[in-house]
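Novice: Here you go, one structure.
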Amino acid sequence: MKNRYKFLLFASASVFFISCADDSKLEYSVEKPQSIAQMEYLNEYDTLKSYVDRTANPNFKLGAGVSINDFNTSGVMSRLIQSNFDEVTAGYEMKHGAVVNDEGEINLSNVTTFLVNTKNVGVSVYGHTLAWHSNQNAKYLNSIIAPTIVPGAGDPRWDVVTEQSFESANAANYSYNSNAQTSFTAVGQGKDGVGRALKITNASIRTNDWDCQLFITFPIKTVAGQKWRFKMDIKSDANASYPTQAHTAPGAYKHWDFFGTLSSTPTWVTYTKEITISGDQAGCNTIAFNLGKNATSYYFDNVKVEFFNEKPSGGTVEKTAEEKRVIIDKALDTWIAAMLGASKDYVKAWDVVNEPMSDWPDPSKLKTGLGKTLAADEFYWQDYLGKDYAVRAIQLARKYGNATDKLFVNDYGLENADQKKCLGLIEYVKYIESKGVTVDGIGTQMHVTLGETTMDGVRAMFTNLAATGKLIKVSELDMGIKPAGSAASLKTSEVTNEQLQQMADFYQQIVKAYFELIPAAQRYGITQWAVTDSPTGSSWRAGEPIGLWGLDFKRKHAYAGFAKGLSG
């Protein structure tokens, strides 16, 4: 039976054949618009978060992605989130590019206001994100590693030729021979308790002191008459004395002395030697340290080789890979220290590392910016800090945050049918933890598309993620639709009511699968990335029907599907 609106109209009718007036009530009925009738059932639904079984899921958080500015200024958005969600994730404004200016200054006033506002309405904040390649102030980061400009008529100065702190996997400027057993100390056991140091063990006293050698190599050759300076922090388990030789390449001996003889003890000391290059030492670019006459372990840290430039020429001097690593590591430290310092009283969980894995050709490898034309906001921390960039970011998050913070590694495309990216991310998390830090959880973004994304892929992903034993968070769920044969996803104005109902069914299947396949103790939560459909001018899935509410803040079929998935 069709629904109808009833309108009561009063009419005064003059009857042609009757002289008196007959005032009567006339009743008319018209069909209720189908668009309204189709959505009326949503009025029966409660707030979204009420469908979570809190007894079975005591730690589960239902989240929403939000613009900080929308939340801070829009009463409607704030009230909607307060009513329906436990947690919010800032879409952009807590990222490096939003708060770090071109001079490296960090402005967190907008973030602080946001945190106060969320606290006032009882909504927690999930931090997003500390180490990503996009939404970075790449202009600033590139400026601090740019080549040094050398004036045309500068004053004489000491120019650094090479440096090495042994903090990264970059071993381009040092090597050793086969009798040198090499390793690294634990972090915190370098000079002054900072970082790590290179450890070389000579297991027995050798016939010749050069039978066990460490080599430090630099990119330019010495010239007779130049002044050179060498500096390095050293110690050894037993008192030891060892000479240096001048080589033209590692193992290519030229002269028996280069930077003198070093003496070390079990206490760190800084060895410094300044020399004037002789004819015998000219043309060399390698210092060899002869360690063979002491059966002990040697420790080396903070190597620096310089030459005295009496007549600096104009132009630029490119920073070495190690110099860039040190500078970018400091920038990461400064950024994370500032953000967590401002937010740790309220933010207890973070996407520390976002989207580390490559898309093509091998999703088991890390992303890189090398060989690409980069966008203005792209900067790949891993291209300067190496594979351990995630290790470093987590170390810093632990250092500046709370001891009990939940730290996540997050990526997209994990629901792909081949599962290559999902398995690659899992292996990278294992690698990170092999370096002595803990990853609490894995986030899967799930920007899915009905017509492309399959439930087989979704279920395989949840199964693989569950097997890690980590907390699992659906971090950025939203949904577009691309019918079979369509070249592009449909816009909101193009989608039919039937298709919207199909999207609701898909939401229900996805959310239901999360609760079926992720054990209760591992369920951190699900965040709906798009609360409303996307505006036509948006930078994210522009004009697509990706929300649970329309742009008019009216519930959609997707709301019902999501609620059904939550309730099981």
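Novice: Quick one: which strands (runs of 3 or more DSSP E) lie wholly within the stretch 222-316 and hold at least 3 residues that are open to solvent by 20 Å² or more (accessible area, probe 1.4 Å)?
Specialist: The strands (runs of 3 or more DSSP E) meeting that bar are 227-236, 240-249, 252-255, 269-276, 297-309.
Novice: On the basis of being over 16 Å from the mean Cα position of the chain (by Cα), within 25 Å of LEU141 (Cβ to Cβ) and open to solvent by 60 Å² or more (accessible area, probe 1.4 Å), does ALA376 make the cut?
Specialist: In short, yes.
Novice: Residue pairs, Cβ under 8 Å, 6 or more apart or interchain, first in the stretch 498-517 and in contact (Cβ under 8 Å) with a residue 12 or more places away in the chain and of a type in the set (Lys, Arg), second open to solvent by less than 10 Å² (accessible area, probe 1.4 Å) and part of a helix (DSSP H, G or I). List them.
Specialist: Here the result reads LYS512/GLY565, each pair linking the stretch 498-517 to a residue that is open to solvent by less than 10 Å² (accessible area, probe 1.4 Å) and part of a helix (DSSP H, G or I).
Novice: With respect to GLY457, determine if the residue is touching a residue at least 12 places away in the same chain (Cβ under 8 Å), surrounded by fewer than 22 Cβ atoms within 10 Å (Cβ to Cβ) and on the phi > 0 side of the Ramachandran plot.
Specialist: For GLY457, the condition - touching a residue at least 12 places away in the same chain (Cβ under 8 Å), surrounded by fewer than 22 Cβ atoms within 10 Å (Cβ to Cβ) and on the phi > 0 side of the Ramachandran plot - is not met.
Novice: Counting only residues that are over 19 Å from LYS348 (Cα atoms), touching a helix residue (DSSP H, G or I) at 6+ places or on another chain (Cβ under 9 Å) and open to solvent by 20 Å² or more (accessible area, probe 1.4 Å), how many does the stretch 79-93 have?
Specialist: 1
Novice: Further question: Inside the stretch 425-446, can you point out the residues that are more than 16 Å from the chain's Cα centre (by Cα) and either among the polar types (S, T, N, Q) or crowded, with 19+ Cβ neighbours inside 10 Å (or both)?
Specialist: SER434, MET446
Novice: Residues to consider are VAL269, VAL194; find the one that is without any contact (Cβ under 8 Å) to a residue 12 or more places away in the chain, among the β-branched types (Val, Ile, Thr) and out of contact with any Ser or Thr (no Cβ under 6 Å at 6 or more places or on another chain).
Specialist: The match here is VAL194.
Novice: Take the residues of the stretch 317-345 that are assigned to a loop (DSSP other than H, G, I, E, B) and more than 22 Å from VAL439 (Cβ to Cβ): which is modelled with the lowest pLDDT?
Specialist: Among those that are assigned to a loop (DSSP other than H, G, I, E, B) and more than 22 Å from VAL439 (Cβ to Cβ), it is GLU318.
Novice: How many of the residues making up the stretch 106-128 are of a type in the set (D, E, K, R) and in contact with a helix residue (DSSP H, G or I) (Cβ under 9 Å, 6 or more places away or on another chain)?
Specialist: 0
Novice: Only helices (runs of 4 or more DSSP H) wholly contained in the stretch 452-568 count here; list those with 3 or more residues that are touching an Asp or Glu at 6+ places or on another chain (Cβ under 7 Å).
Specialist: Of the helices (runs of 4 or more DSSP H) lying wholly inside the stretch 452-568, those with at least 3 residues that are touching an Asp or Glu at 6+ places or on another chain (Cβ under 7 Å) span 455-466.
Novice: Look through SER486, SER539, SER493, SER475 and report the one residue that is of a type outside the set (D, E, K, R), surrounded by fewer than 21 Cβ atoms within 10 Å (Cβ to Cβ) and either closer than 30 Å to VAL439 by Cβ or free of Cβ contacts under 8 Å to residues at least 12 places away in the same chain (or both).
Specialist: Selected residue: SER539, the only one of SER486, SER539, SER493, SER475 that is of a type outside the set (D, E, K, R), surrounded by fewer than 21 Cβ atoms within 10 Å (Cβ to Cβ) and either closer than 30 Å to VAL439 by Cβ or free of Cβ contacts under 8 Å to residues at least 12 places away in the same chain (or both).
Novice: While we're looking at this one, here's another question. So which residues in the stretch 26-76 are of a type in the set (Gly, Ala, Ser), under 26 Å from LEU551 (Cβ atoms) and at pLDDT 95 or above?
Specialist: Correct list: SER50, GLY63, ALA64, GLY65.
The values are calculated or read from the model by the stated rules, or taken from the named source; none is laboratory data. Quick caveat, the model's predicted, so the values are computed rather than measured. Here the Cβ is made from the backbone with ideal geometry for all residues, glycine too, and neighbour counts use every protein chain on show. Heavy atoms of the whole protein, side chains included, go into the accessibility calculation; ligands, DNA and RNA do not. Shrake-Rupley method; radii C 1.70, N 1.55, O 1.52, S 1.80 Å.
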